[in-house]
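Beneath this line is the structure, given in structure tokens, with notes to follow.
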Amino acid sequence: FARLTKRFISALTSPTNYGALYNVDMRLRPSGRSGPVATKIESFREYQKNEAWTWEHMALTRARPVYGSSLARGQLETIIAETLAMPRDAAKLAEDIVKMRGDMATHKPPKGALDVKLLSGGLVDAEFVIHALQLRFGQAFHPQLDRAAEALIATGLLPEGFAPAQALLTRLLVMLRLVAPDCEVPPEPAQAVVAKALGFADWAEVMQAVDAARGIISAEWQGIAPRLKN
């Protein structure tokens, strides 16, 4: 299984005329970069139950089996569901999540003025809010963040404007990666293209909407620690 996994990773990362087929980062596996790339189902269960860190359970909220027998996929889905449903120390959960976001902000600052992924009130803050609420209240587990946000809104754990705010920043980030990969303000012709693609009359409207979206997400992030402890 270890040899098979290595061959699979090699196939996924094979260089093509358009670049690597798919980026796979195996460095953060439970046993470290020098550990085995394949593990037994029961070992995975025990690790998630007794050893995994909070950030690993945050990542697990987006896990889904993509290949294998129906029995193996079912076993894995059961472990994921059991792990995410585990009771949690609310204070420790809040402490871990706030610390992780702080460490990330220190070591991975925004690339530019429009890095809506890493800026305050950006997509990373939105993702941390979603995962924090999922783990604290055991709800809205969906691997797609937009669907998870909508489910949290439906349960009253997030405001109505959260999902549209997240969607706007996601669309803007995709556009900027095409016209301004440095995440700085693009030239005027590109601004017009971005505004049109996002459904706004001009760049000023785009910036106004982005500021409002970041405000919604930032407010949720700033209040997440006391909410988790209640």
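The values are calculated or read from the model by the stated rules, or taken from the named source; none is laboratory data. Keep in mind the model is a prediction, meaning the values are calculated, not measured. Note that each Cβ is placed from the backbone with ideal geometry, even for glycine, and that neighbours are counted across all protein chains shown. SASA here: full protein model, heavy atoms, side chains in, ligands and nucleic acids out. Shrake-Rupley method; radii C 1.70, N 1.55, O 1.52, S 1.80 Å.
So here's what we get for this one:
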{"read-out": "Residues of the range 121-141 classified as without any contact (Cβ under 8 Å) to a residue 40 or more places away in the chain and open to solvent by 50 Å² or more (accessible area, probe 1.4 Å), total", "value": "3"}
{"read-out": "Residues that are crowded, with 18+ Cβ neighbours inside 10 Å and more than 17 Å from Pro226 (Cα to Cα), drawn from the range 93-103", "value": "none"}
{"read-out": "Scan of the range 144-165 for residues that are open to solvent by 40 Å² or more (accessible area, probe 1.4 Å) and either farther than 15 Å from Arg227 by Cα or touching a residue at least 60 places away in the same chain (Cβ under 8 Å) (or both), ordered by number", "value": "Gln144, Asp146, Arg147, Glu150, Ala154, Pro159, Glu160, Pro164"}
{"read-out": "Whichever residue in the range 14-49 is under 28 Å from Ser69 (Cβ atoms), within 24 Å of the chain's Cα centre (by Cα) and open to solvent by 100 Å² or more (accessible area, probe 1.4 Å) and, among such residues, is modelled with the lowest pLDDT", "value": "Leu28"}
{"read-out": "Pick from the range 176-191, criterion open to solvent by 60 Å² or more (accessible area, probe 1.4 Å) and in a helix (DSSP H, G or I), ranking: nearest to His131 (Cα to Cα)", "value": "Arg177"}
{"read-out": "Members of the range 194-204 that are exposed (fewer than 15 other Cβ atoms within 10 Å of the Cβ) and either closer than 16 Å to Leu173 by Cα or under 24 Å from the mean Cα position of the chain (by Cα) (or both)", "value": "Lys196, Gly199"}
{"read-out": "Any hit, the range 64-87, residues being open to solvent by 40 Å² or more (accessible area, probe 1.4 Å), part of a loop (DSSP other than H, G, I, E, B) and at pLDDT below 90", "value": "yes"}
{"read-out": "Qualifying residue in the range 104-120 (condition: free of Cβ contacts under 8 Å to residues at least 60 places away in the same chain, open to solvent by less than 40 Å² (accessible area, probe 1.4 Å) and in contact with a Phe, Trp or Tyr (Cβ under 9 Å, 6 or more places away or on another chain))", "value": "no"}
{"read-out": "Residue list for the range 88-100, filter: touching a residue at least 40 places away in the same chain (Cβ under 8 Å) and assigned to a loop (DSSP other than H, G, I, E, B)", "value": "Arg88"}
{"read-out": "When residues of the range 117-175 are limited to those that are closer than 26 Å to Ile79 by Cα, among the polar types (S, T, N, Q) and in a loop (DSSP other than H, G, I, E, B), the one nearest to the chain's Cα centre (by Cα)", "value": "Gln144"}
{"read-out": "Those residues of the range 187-214 which are in contact (Cβ under 8 Å) with a residue 40 or more places away in the chain and not hydrophobic (A, V, I, L, M, F, W, C), in sequence order", "value": "Arg214"}
{"read-out": "Enumeration of residues in the range 1-51 that are part of a helix (DSSP H, G or I) and of a type in the set (Val, Ile, Thr)", "value": "Thr5, Ile9, Ile41"}
